[in-house]
1. Going by average Cβ density within 10 Å per residue, which order do the peptides 213-225, 319-331, 105-117 take, highest to lowest?
2. Would you mind checking the radius of gyration and Dmax of the range 214-395 based on alpha-carbon positions, in Å?
3. Nearest 20 debye, what's the magnitude of the dipole of the range 17-192 about its Cα centre given +1 on Lys and Arg Cβ and -1 on Asp and Glu Cβ?
4. Per 0.36 nm of contour for each residue apart, how much would the distance between Val347 and Leu251 grow if the chain were fully extended, relative to their Cα-Cα spacing?
5. Report the Cα centroid-to-centroid distance between the range 342-363 and the range 164-186 in angstrom, as an integer.
6. How much length is gained on full extension from Phe166 to Ala378, taking 0.36 nm per residue of separation minus their Cα-Cα distance?
7. Ala173 label point, 7 Å along Cα→Cβ, cut-off 16 Å on backbone N: hits in the range 98-127?
8. Would you mind classifying the range 236-298 by shape? Square roots of the alpha carbon gyration tensor eigenvalues, ordered a ≥ b ≥ c; an a/c under 1.5 is rounded, otherwise it is prolate if a/b is larger than b/c and oblate if not.
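Bear in mind these aren't lab numbers, they're just calculated from the coordinates by the rules spelled out. Being a predicted model, the structure only gives us computed values, none of them experimental. Cβ sites come from the backbone with ideal geometry, for glycine too, and all protein chains shown count toward neighbours.
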Amino acid sequence: MPTTAGATALSRRLRAAALPGATAAYFVAIGMTLPATPRFVAGPLGGDPALVGAAAAVFSVVSLLVRLPLARRIGRWPRRAALSGAAGLLAAAIAAHLGIGHAVPLLSARAVAGAADGVFLLVAVAAADQDAAEGRRAAAVSRLTLMVYGGLLAGPVAAELLQARFGLAVVWAAAAAAGVVATALAAAVPQSRPEAADRADRTGRSARAGWVPRGAVGPAVVCVLVTAGPVAFGTFVGLYVLGTGRPGAALELGVCAAGTLAGRALAGPRLDRLDPVAVTVASVAATGAALLLLSTGTALVVTVAAALLLAAGQSVAFPALTSLALRAAPPHDRLPAIAAVTAAYDVGFVLSGLGLGVLGAAAGLPVMFAAAGLVALAALGAVPALRRAAPRRARAAGGGPAGRGEPPGPEMERGGPAGRSGSHEEGER
């Protein structure tokens, strides 16, 4: 009996590790394509920066077009099949680069990868939220996003090391292998009951509702605005410091990346005990202040301080805004609410990248950084509406003032008393 009990406990732990492991491997694969794609376009394909931009835009646009319309339908798909299918699709799209010699096949492969991303991230975040114990959902989402950020940080480093020593073909092969690992791990994720999502239809609203639930509009707007901060910093700080004699902004980027990961790891377990509106206000204020500070000069102390401020703001932004959207969502809107928040980040990155680039070229980088800070701070205008909306909709859904009394979302829930088995153990991890 002890042996059986120990094996059962080990099996539960392995299943609990499958989702974060698959997410980490998936985003390592995505991260490896970030530096490899521009090199591939400029080298083997002989393309120009316009083709690089088109490849990035195709990925983001297709991801959006897949994520929002499917949010109300994907809950009927078995979770394991959705995750492993998306990861397998990504692996195939990356492996296809080994035989690509023209722009059209490249854009097609990027579109397939974008479709996979639209499914994987949505289902992974929903699974983390739905499997967590009550009162630990924001912490669970925060832990999962550590895997996302960790993969996106580790992937480019691995790609650069492999490219320098072995060439681009090995980078594509390694990235595809990471996708295969994600596929295998996703196949071990605890299964969901697709028939449970049918109960959402009995509310009479799920099939007729729009893509973005009303309660998710505020958090999505804040996401779009506050994303101007990391886009401006990540894209332009390297150019900003060129005139200082420093070789680049590796220090600032490293401080920001490490600070974001450390802040999320430290704050994650406490997020469910904090007011998400207050956390959102702090995140927006820190992000805006970082960009305004950066606009004042290029001294090392200024740029590093701005990196730390930005890290403090971004470390809690996504978990807090996801928590707000979910608190405001009735059960049949939980998955579309997650889709809206994740899609808002994609929209913010695309719009900020285009707009800030034009402004920086026309008015200079200090003005561009100041404008990005003001755009981020404009999100504070949505805070009163966020504070009013979440408690009101939580009470309408049957919860208390804190909005945590609602039943678990029907989409992809595991159903019945067993549906939360092991969730406390996952929360501890």
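1. So the order, starting with the most tightly packed, is 319-331, 213-225, 105-117.
2. Answer for the range 214-395, Rg first and Dmax second: 16.5, 58 Å.
3. In total the dipole reaches around 360 debye.
4. Separation in residues times 0.36 nm, less the Cα-Cα distance, equals 31.8 nm.
5. 30
6. Length gained, Phe166 through Ala378: 71.7 nm.
7. Inside the label zone: 98-100.
8. Oblate is the answer for the range 236-298, as a/c is 1.5 or above yet b/c matches or exceeds a/b.
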